[in-house]
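Undergrad: Let me begin by handing over the structure; questions about it come next.
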Ligand code: MLT
C-alpha cells in the first residue's frame, strides 16, 4: 500500500488487529521495512503493526535524491494522517531513531510511547560529516555493493559473522536493492539533521532504549546519555549484538520490546 508525502509515493504495510494499540516501526539507513520482519512476526498477534519504507529506500520512490531531514518526519506524520491515527507508539532504529526523536520534538501529541534502538540524539560531528562525504564518493565511484561491504563490517558485531551470517546476508541484499541516489541523498540528509538533545528532558511518555553491547556506530554510551536525559526512560543493553540489535539478538530484543509494550496495554 502507498501514501503520498512531499511529492513521493511511499510504501507501507500493516499487520494485526486494526483496533489494537498501533506500533509504527521506522527502519534504519540504508535498509527497508524488511529489517523489521522478526519483530512484525511477534507484534502482529497483539498490536496494529505498521512498517514503511523511508523515502529513497525499499519500495518507496527515490525522486530527485534531495531529502531535507525534516521530510522524513513529515512522512511519519503523513502516514499517521493517511491511516487516520491520532496517536501511536513509535519505534525507530538508528536513523529511524533520529526521525522518531525529531518527530517527538515537533509533534509530541502524536505519540504515546517510544522505543529508541541503537540511536543517538546528537547531530553529526564534523568527523561524521566528513565520513558521509567520503561515503557519497565511494557510492558514486565504486557503487553500492562496495559501500555495503564496508557498512556491514562496521554495523555487525564480530561474533555475528560466525553465528548470524543469515542476518548479514539479509541486510546485504536489502542494502544492495537500494539505489545510489537514494543512499547518497539520505547520507547528506542525515549530515544536515538537527540535534534533539535539548528537548529530551521534555519527553513525558514511556520510553524504552535498547542498544547492542557491541554497537560501534551508536554505542552504549550514546544510549546511556539518552537514558540520563529522558525522564523515567528504561535502558536495555542487548548482549552479543552490534548496531542491528533487532537481528543479531532477536530473542532478547523481542523480549524487552514485548515486555515494554505490555506495560502500555496493562
Ligand atoms: C543507521 O543504521 O540508520 C545508520 O547507521 C545511522 C547513521 O549512519 O548515522
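Undergrad: Say whether the condition of being in contact with a strand residue (DSSP E or B) (Cβ under 9 Å, 6 or more places away or on another chain) and either under 30 Å from residue 231 (Cβ atoms) or within 14 Å of the ligand (Cβ to nearest atom) (or both) is met by at least one residue in the stretch 119-127.
TA: Taking every residue of the stretch 119-127 in turn, at least one turns out to be in contact with a strand residue (DSSP E or B) (Cβ under 9 Å, 6 or more places away or on another chain) and either under 30 Å from residue 231 (Cβ atoms) or within 14 Å of the ligand (Cβ to nearest atom) (or both).
Undergrad: For the stretch 250-266, give me the residue count where each residue is more than 14 Å from residue 45 (Cα to Cα) and at pLDDT below 95.
TA: Qualifying residue count, the stretch 250-266: 1.
Undergrad: Now for a different question. Report every pair of residues separated by at least 6 positions or lying on different chains whose Cβ atoms are under 6 Å apart, first residue within the stretch 69-93 and within 26 Å of residue 242 (Cβ to Cβ), second assigned to a helix (DSSP H, G or I).
TA: From residues that are within 26 Å of residue 242 (Cβ to Cβ), the pairs are 69/189; 72/99; 76/103; 90/100; 92/99; 92/100.
Undergrad: Could you tell me which residue of the stretch 229-263 is surrounded by the most Cβ atoms within 10 Å (Cβ to Cβ), considering only residues that are closer than 21 Å to residue 198 by Cβ and in contact with a strand residue (DSSP E or B) (Cβ under 9 Å, 6 or more places away or on another chain)?
TA: 230
Undergrad: Just to be sure before I move on: is residue 215 surrounded by fewer than 17 Cβ atoms within 10 Å (Cβ to Cβ) and either assigned to a strand (DSSP E or B) or at pLDDT 95 or above (or both) in the structure I sent?
TA: no
Undergrad: Six or more apart or on different chains, Cβ under 6 Å: which pairs go from a residue in the stretch 175-195 that's without any contact (Cβ under 8 Å) to a residue 40 or more places away in the chain to one that's loosely packed, with under 15 Cβ neighbours inside 10 Å and part of a helix (DSSP H, G or I)? Could you list them?
TA: From residues that are without any contact (Cβ under 8 Å) to a residue 40 or more places away in the chain, the pairs are 176/145.
Undergrad: Taking the stretch 92-118, which residues are in a helix (DSSP H, G or I), more than 9 Å from the ligand (Cβ to nearest atom) and under 15 Å from the mean Cα position of the chain (by Cα)?
TA: Result: 99, 100, 101, 102, 103, 104.
Undergrad: May I ask you to list the residues in the stretch 128-165 that are in a loop (DSSP other than H, G, I, E, B) and more than 15 Å from the ligand (Cβ to nearest atom)?
TA: 143, 164
The values are calculated or read from the model by the stated rules, or taken from the named source; none is laboratory data. Computed from a predicted model, the values in this text were never measured in an experiment. Cβ: placed from backbone, ideal geometry, glycine included. Neighbour counts: every protein chain shown.
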